[in-house]
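Accompanying notes for the structure given below.
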Protein chains: 2
Amino acid sequence: VRVVLVETRNPLNIGAAARAMSNFGFFHLRVVNPYEVAYAEARSAVNASAVLARSQQYVTLAEAIADCTLVVGTTSVGPRVLEHSLRRLEAGGRIIRESDGPVALLFGSEKFGLSNEQLSYCHWLLRIPSRDEHGSMNLGQAVAICLYELIRSESEELRAPSPHRSAAAADVQRISEMALDCLRIAGYINEKTAESTEMKVRRVLLRAGIAEIDAPVWLGMFRQILWKLNNREPGS
Amino acid sequence: VRVVLVETRNPLNIGAAARAMSNFGFFHLRVVNPYEVAYAEARSAVNASAVLARSQQYVTLAEAIADCTLVVGTTSVGPRVLEHSLRRLEAGGRIIRESDGPVALLFGSEKFGLSNEQLSYCHWLLRIPSRDEHGSMNLGQAVAICLYELIRSESEELRAPSPHRSAAAADVQRISEMALDCLRIAGYINEKTAESTEMKVRRVLLRAGIAEIDAPVWLGMFRQILWKLNNREPGS
């Protein structure tokens, strides 16, 4: 995918687009007829990314997309009547991902978006499903969202730790017993209703969904409380 | 969903977060202990959104999340060892969408992210699946991507025009005949191979996938060429 910024005016937006590209692993940035000062400023920023350093500048949109087999324009769909097919990002993103040739993804100027002439180079248009009431999105955010959609995956995160394993029943049982010992000494358990109270405490601790790695902490807390209850100063 | 910005330093980022919220229809912005000047500047910007105007300021994170039943922190997972469960945005977003109580979505400061103390208020953590090599994302872009994921839908765009209907076979046939008339006069069709050439032309025009609304344009173009071919000046 080639990200093509057309007539961008704000250096912060060029930088933000490049940063989002780097975040998501896209490295081909092309700028068409940018506001020269903005482009120079973006490239010379201290935190300018390698993406920006390797970006290519074109005078015309036709040159910038010459090697692409699919050209997709982004739009916020203002009042203009659109001659093109329009796809939501979710559906359009799938087509882009499955494309077997280079794809150009076009973003127009901050103020006007893509002109009708620029749109005429596009096979179809892509729309981020934002609220109509609000109008257009920030350019850097629009680039980031489109690229996120392209790398999005329903597969599980491999490098992330999996949600903590639940403690084994035996561990929860030991915690419950320690808690019940505390509660007996503390006078929480009435002799008559002891059995139902004990069941309630066990149920509550089970429902707490204690993680395996937290079991020793729970046990330690109740053990310490129990120790204190058994060793308290008279009258304290 | 309540978007909670914790110790944000840059007014542009507060504004960008508010703008993305408005784009995607989220209206509860809470800021915790912001850099006062930044918050004031963001609120007074000419294009400050209604979201920002209605945002609420808190001194502590505990107050900002008090009414939430699920508290999710965002992280770029730096070198810190994480004590929390970590979910990719795709999977975590699903849980947030299905939550039946208010959810707080926390974003830390631009420089340090969420501190360990702030993370201790979170039920689990969310990670935008960006490249590890690149480090953290821009705050405004991170907010925009998370909210996009929450409103994302595989359903078809309802308000968008559907992709253009293909022209009926009869229309393509008429275009082909008009084109063949032109080609015959132009000397493109050799008598010996006429049949196979005509089939080739028909195949090519069928493969072009001409849209219904474009059929008259194609027909008009060939008709005009045909007229010119039949009415050309001698020697021209």
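General observations
- Judged by the mean number of other Cβ atoms found within 10 Å, the most tightly packed of the peptides B:220-227, A:188-195, A:124-131, B:61-68 leads the ranking A:124-131, B:61-68, B:220-227, A:188-195.
- Each copy carries a label point for A:Ser120 at 7 Å from Cα toward Cβ; from one copy, the others' points are 6.5 nm away, ordered from shortest.
- Amide H to amide H distances under 5 Å link A:Gln57 with A:Val31, where only residues 5 or more positions off or on other chains count and H is placed in the peptide plane.
- When chains B and A come together, the accessible area they lose, probed at 1.4 Å and totalled over both chains, is close to 4100 Å².
- DSSP beta bridge pairing in the protein assembly as shown, given as percent antiparallel to the nearest 5: 10
- Helix B:169-186 vs. chain B, principal-axis angle (Cα, 0 to 90°, nearest 10): 50
- Contour excess over end-to-end distance, with Cα ends at A:Asn231 and A:Ala91 and 0.36 nm allotted per residue: 43.7 nm
- Per residue of B:15-21, other chain Cβ atoms within 10 Å of the residue Cβ number 3 on average.
- Label geometry 7 Å along the beta-carbon vector: A:Pro216 inter-copy distances in nm: 8.0
- Placing +1 on the Cβ of every Lys and Arg and -1 on the Cβ of every Asp and Glu, with no other charges, gives the protein assembly as shown a dipole of roughly 40 debye about its Cα centre.
- Average beta carbon contacts from partner chains per residue of A:89-99, 10 Å cutoff: 2
- Averaged over the residues of B:121-130, the number of partner chain Cβ atoms lying within 10 Å of the residue Cβ comes to 3.
- Cβ-vector label at 7 Å, B:Leu12, separations to other copies in nm: 0.4
- Cα gyration tensor category, rounded, prolate or oblate, for region A:1-69 with a/c compared to 1.5: oblate
- Helix B:215-230 and the longest principal axis of the C-alpha atoms of chain B enclose an angle of approximately 30°.
- FRET E, pair B:Val204, A:Gln56, Förster distance 30 Å, beta-carbon r, rounded to 0.05: 0.30
- Antiparallel DSSP beta bridges within chain B, as percent of all bridges there, nearest 5: 10
- Gyration tensor over alpha-carbon atoms, the protein assembly as shown, equivalent ellipsoid semi-axes in Å: 61, 27, 19
- When chain A is described by a simple charge dipole with +1 on each Lys and Arg Cβ and -1 on each Asp and Glu Cβ, the residue from A:Ala211, A:Val51, A:Cys122 located farthest towards its positive end is A:Ala211.
- Surface composition of chain B: carbon plus sulfur atoms hold 54% of the accessible area, using a 1.4 angstrom probe and ignoring ligands, DNA and RNA.
- Calculated [θ] (222 nm, deg cm²/dmol) that DSSP helices of n ≥ 4 give over the protein assembly as shown, each run adding -39,500 (n - 2.57): -13500 deg cm²/dmol
- Extension gain, A:Ser166 to A:Ala211: 0.36 nm times the residue separation minus the Cα-Cα distance gives 15.8 nm.
- For the protein assembly as shown, the per residue solvent-accessible surface stands at 53 Å², with DNA, RNA and ligands left out and a 1.4 Å probe.
- Overall form of region B:163-236 per C-alpha gyration tensor (a/c, 1.5; a/b vs b/c): oblate
- Principal-axis tilt of helix B:11-24 within chain B, Cα atoms, nearest 10 degrees: 60
- Most mobile listed residue (A:Leu219, A:Leu29, A:Leu119) in chain A, GNM with C-alpha springs under 10 Å: A:Leu219
- Close amide-amide hydrogen proximity is noted between B:His28 and B:Val3, each under 5 Å apart and 5 or more residues distant or on a separate chain (H modeled in the peptide plane; Pro and chain starts excluded).
The values are calculated or read from the model by the stated rules, or taken from the named source; none is laboratory data. Source: prediction; values computed, not measured. Note that each Cβ is placed from the backbone with ideal geometry, even for glycine, and that neighbours are counted across all protein chains shown. Ligands, DNA and RNA are excluded from the accessible area calculation, which covers all protein heavy atoms including side chains. Shrake-Rupley method; radii C 1.70, N 1.55, O 1.52, S 1.80 Å.
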